[in-house]
1. Rounded, prolate or oblate: which fits the range 112-175, taking a ≥ b ≥ c as square roots of the Cα gyration tensor eigenvalues, rounded meaning a/c under 1.5, else prolate when a/b beats b/c?
2. For the range 23-145, what does the equivalent ellipsoid look like in terms of its semi-axes, each the square root of 5 times an eigenvalue of the Cα gyration tensor, given largest first in whole Å?
3. Obtain the nm distance between the two label points defined at R227 and E31 by a simple spin-label model: each point lies 7 Å from its Cα along the Cα-to-C-beta direction.
4. Could you state the angle between the C-alpha long axis of helix 189-198 and the longest principal axis of the C-alpha atoms of the chain, as a value from 0 to 90 degrees rounded to the nearest 10?
5. If you find the alpha carbon centre of the range 172-232 and of the range 76-105, how far apart are they in angstrom?
6. Which of the peptides 212-219, 168-175, 31-38 is most tightly packed, and how do the rest follow, judged by the mean count of other Cβ atoms within 10 Å per residue?
7. Output ³J(HN,Hα) for the range 129-134: one whole-Hz value per residue in order, computed from phi by the Karplus curve 6.51 cos²θ - 1.76 cosθ + 1.60 with θ = phi - 60°, and x for Gly and Pro.
8. In the chain, once you exclude exposed trypsin sites (Lys or Arg not before Pro) (DSSP loop, at most 15 other Cβ within 10 angstrom), what's the longest stretch remaining?
Amino acid sequence: MTRPSLVLLPGLLNTRRVFEHQAGALQDIAEVAIPELWHHETIADMAEAVLATAPPTFALGGFSMGGYVAFELLRRAPERIERLALIDTQAAPDSPETRTRRQAFIEQTKLGRFHGVHPTLLPQIIHPSRLKDSAVVQPILEMAQEIGGDGFVREQRAILGRPDSRPLLVEIDVPTVVMVGRQDLATPLPRAQEMAADIANAQLVVLEECGHVSPLERPAEVTAGLRRWLRQ
């Protein structure tokens, strides 16, 4: 029996390493591909790059920024997507405050002030209980260093230019799982609840004692949720 194809899209300052646990643990039931997005200038470019290399039809999972790309894929080629996983992401555009913060990050980076993910930022993205967990922290720091300042600026500009995906939600008719860490500060639980409410065939999975980076913070639970979803 042929295994279905699963395309997993990483988030901001993430390489494919963010899905290392899921890719390894799901190989028995899916052919897993993890495109790296940080080489591209816009969400549209990221989506086109995914479509160019993905199989004719596939299951699609997007984490954080990867969710924004997943929505663009649904706009461009809905017939190719068999099911959808939205992980710690949102359909809504950024608030004015968040847009201002992204612009400031871009300006600082252009001045040569990119130092990856500074440890002082970690409480904003992972649960307090994981701040000293090297299995969570080290990949976050190392992925950011690998992508570097230029990749960071490309991703931030792409995110700033993304459209509002909320009108798209009611058109999604494939089996969908929406996962979110209960303590996610970047894309909070109410955003996930809104998406799950507006998508006809969606299940909401809330991960306890978990911040924004659930594939690393709660790898087994995210993998289990994806396995159930793939078997729907």
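The values are calculated or read from the model by the stated rules, or taken from the named source; none is laboratory data. A quick note: this is a predicted structure, and the numbers were derived from the prediction, not measured. Here the Cβ positions follow ideal geometry from the backbone for every residue, glycine too, while neighbour counts run over all protein chains shown. Just so you know, the surface numbers come from the protein's heavy atoms only, side chains and all, with ligands and any DNA or RNA stripped out. Shrake-Rupley method; radii C 1.70, N 1.55, O 1.52, S 1.80 Å.
1. Numbers: a/c = 2.73, a/b = 1.49, b/c = 1.83.
It comes out oblate by the Cα gyration axes.
2. Numbers: eigenvalues 154, 81, 39 Å².
Over the Cα atoms of the range 23-145, the ellipsoid semi-axes are 28, 20, 14 Å.
3. 2.2 nm
4. 30 degrees
5. Distance between centres, Cα-based: 14 Å.
6. On the way: 212-219: 25.1, 168-175: 15.9, 31-38: 20.2.
Ranking the peptides 212-219, 168-175, 31-38 by packing returns 212-219, 31-38, 168-175.
7. Here the 3J(HN,Hα) series is 5, 9, 5, 10, 8, 5 Hz.
8. With a cap of 15 other Cβ atoms within 10 Å, the longest stretch comes to 1-112.
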